[in-house]
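The values are calculated or read from the model by the stated rules, or taken from the named source; none is laboratory data. It should be emphasised that the depicted structure is a prediction, and the values quoted were computed from it without experimental measurement. Every residue, glycine among them, receives a Cβ derived from its backbone with ideal geometry; neighbour counts consider all protein chains shown.
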Amino acid sequence: MHSLASSQRVSFESSHNSLVLALIKSISGIRGTIGGKAGENLTPQDIVECTAAFGQWVKEKNGKTKIVIGRDARISGEIVSALVVNTLRSLGFDIVDLGYSTTPTVEIAVPEEDAGAGIILTASHNPKQWNALKLLNHKGEFISASDGREVLAKIVARDIEYVDVDKLGAYSQDDSYIQKHIDKIFALDLVNVEAVKEMAPTVVVDCINSTGVISMIPLLEQMGCKLIAINDEMTGRFAHNPEPLPENLTSLSDAVKFHKAKIGIAVDPDVDRLALVSEDGEMFGEEYTLVAVADYILQHSPGATVSNLSSSRALRDVAEKHGVVYEASAVGEVNVVEKMKAINAVIGGEGNGGIIYPELHYGRDALVGVALLLSYLAEFGKPLSFLKSTYPSYTISKNKIQLSPEINLDEVFTGLKKKYENQPINTIDGLKIEFDKDWVHLRKSNTEPIIRIYAESTSEVTANNLADKIKQDIKEILTKAATEG
């Protein structure tokens, strides 16, 4: 689930059946693990409370009485969906249920249906025991931070007004939107289906036992790919950790090499993140998904670009190569979208494999990412590994420091800003310090009591050393503060 900085987050953890159980209510919605006690895990009570609060907010916000919902293939999805649907109908909303779907498909359906809002039932890359409600406004975009705070307040207040029996909302199902989504992608000027059909690439796709099966497979088939699908039973029992990181994609890499495929494709369970494997079985790198797609877009439609502060500098380098503006946003999809709109960006996204192409819609979308990338490969005429070699090679070192109550984060950031006052510094989301083309970004986690410390360099050793140096600086700042205190 996309995350936003908020002090109004309620989070609990407990041990049960050797699993960590949790409930997180934040301005981006509600997510947690199935089972356990109400108020501590994602239980029916918690789902109903969040849904009712959101529904009440929609009523007051825009007065529209239609809401679109869709879900990934999680085991708990059917139960969660029934709770959400019937709570909303009890508030008087007519429901258009897309059933099994993807996050970007629901985002597209909301304005198409002239609905007041949308809800996607998915915990994105989290394991199977998790589920969540992603909340969309009437534009099919994630609700803003201020809107999220209003919804949170309604969860706490429980000031909900249900309708009487004669005004209960209607329920309808519509399974046509996956194809509508694909048709909209194929209608884009820069998606060259005929060129891809002529190339007829052998493609391996890892559907992670979720709705990539009903979305990514038909997209690739309709583009004329010779398709090998793995983990293509839509059971919600994920064959591996569903986050599309290199350590989780070894079977995809093996399949690419075995089948001598041109490319390997991996998505997360709700199909908004995209990771690629080159023809040699090597990881293309999540960070470079956005870089490659942006390179293609900028060759044909020059314009501003956006990624978040924790994403690779490679996008900035590509933007500079094309002579266009690059700007960084705070971490979180909603912040990237806000910045993209502000500078009229033609392409943007996040370094986790999230492509946002406003010609289609303002949301991360692995389907449009694949269509654009394959169109680029057809035009480029060389292997994916060769394309990767044309970009600057960066490595991001990801670290964290446990936060304890006595750590004053403002004091830490002030000390670091003073120490590195001669370096370019960005404070829109935590603290980012640049050292020529190297950088380090520190920010408080939205979901854990930690400071995340990301550092990037052209050298893995340098990136790790830079992160270690900043961690040592923090220790010195805290020691000095304790001594003076």
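Within segment 25-38, identify whether any single residue is modelled with pLDDT of 95 or more and over 23 Å from the mean Cα position of the chain (by Cα), and answer yes or no. The answer is no, given that none of the residues of segment 25-38 is modelled with pLDDT of 95 or more and over 23 Å from the mean Cα position of the chain (by Cα).
Within segment 264-277, not a single residue is surrounded by fewer than 24 Cβ atoms within 10 Å (Cβ to Cβ), modelled with pLDDT of 95 or more and either part of a helix (DSSP H, G or I) or in the same structural domain as Asp206 (by TED's automatic domain parsing) (or both). Got a number for residues in segment 330-350 being surrounded by fewer than 24 Cβ atoms within 10 Å (Cβ to Cβ) and in a loop (DSSP other than H, G, I, E, B)? So the count comes out to 4.
With within 24 Å of Asn137 (Cα to Cα) and among the polar types (S, T, N, Q) as the only criterion, which of Asn335, Asn408, Asn422 stands out?
Asn335
For segment 392-408, give me the residue count where each residue is more than 22 Å from Lys480 (Cα to Cα) and part of a strand (DSSP E or B). Counting residues in segment 392-408 that are more than 22 Å from Lys480 (Cα to Cα) and part of a strand (DSSP E or B) gives 5.
Results for (1) among the β-branched types (Val, Ile, Thr); (2) in contact (Cβ under 8 Å) with a residue 40 or more places away in the chain; (3) part of a loop (DSSP other than H, G, I, E, B), shown as yes or no for each residue.
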| site | (1), (2), (3) |
| --- | --- |
| Gln56 | no, yes, no |
| Ile69 | yes, yes, no |
| Ala82 | no, no, no |
| Val96 | yes, yes, no |
| Val110 | yes, yes, no |
| Ala115 | no, yes, yes |
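Say whether the condition of being in a strand (DSSP E or B) and free of Cβ contacts under 8 Å to residues at least 24 places away in the same chain is met by at least one residue in segment 409-432. Checked against the condition, which is being in a strand (DSSP E or B) and free of Cβ contacts under 8 Å to residues at least 24 places away in the same chain, segment 409-432 yields at least one hit. Scanning segment 381-435 for residues that are under 23 Å from Ala294 (Cβ atoms), surrounded by 14 or more Cβ atoms within 10 Å (Cβ to Cβ) and aromatic (Phe, Trp, Tyr) yields a count of 2. Suppose the filter is over 30 Å from Thr33 (Cα atoms) and either surrounded by 14 or more Cβ atoms within 10 Å (Cβ to Cβ) or at pLDDT 95 or above (or both); does Asp468 pass it? Yes.
Residue count for segment 240-262 under the criterion of being touching a helix residue (DSSP H, G or I) at 6+ places or on another chain (Cβ under 8 Å) and either among the acidic types (Asp, Glu) or crowded, with 24+ Cβ neighbours inside 10 Å (or both): the result is 3.
Each residue in segment 299-318 was checked for being surrounded by 20 or more Cβ atoms within 10 Å (Cβ to Cβ) and touching a helix residue (DSSP H, G or I) at 6+ places or on another chain (Cβ under 7 Å), and 9 pass. Scanning segment 286-329 for residues that are in contact with a Ser or Thr (Cβ under 7 Å, 6 or more places away or on another chain), assigned to a helix (DSSP H, G or I) and small (Gly, Ala, Ser) yields Ala294, Ala319.
The single residue among Leu219, Leu227 that is within 20 Å of Ala275 (Cβ to Cβ) and free of Cβ contacts under 8 Å to residues at least 40 places away in the same chain turns out to be Leu227.
Among the residues of segment 39-54, those that are in contact (Cβ under 8 Å) with a residue 24 or more places away in the chain and in a helix (DSSP H, G or I) comprise Pro44, Ile47, Val48, Glu49, Cys50, Thr51, Ala52, Ala53, Phe54. Residue selection: Gly236 fails the criterion of being out of contact with any strand residue (DSSP E or B) (no Cβ under 6 Å at 6 or more places or on another chain), in the same structural domain as Leu367 (by TED's automatic domain parsing) and within 29 Å of Asp438 (Cα to Cα).
Of the residues making up segment 427-436, those that are of a type outside the set (Gly, Ala, Ser) and more than 18 Å from Asp317 (Cα to Cα) are Thr427, Ile428, Asp429, Leu431.
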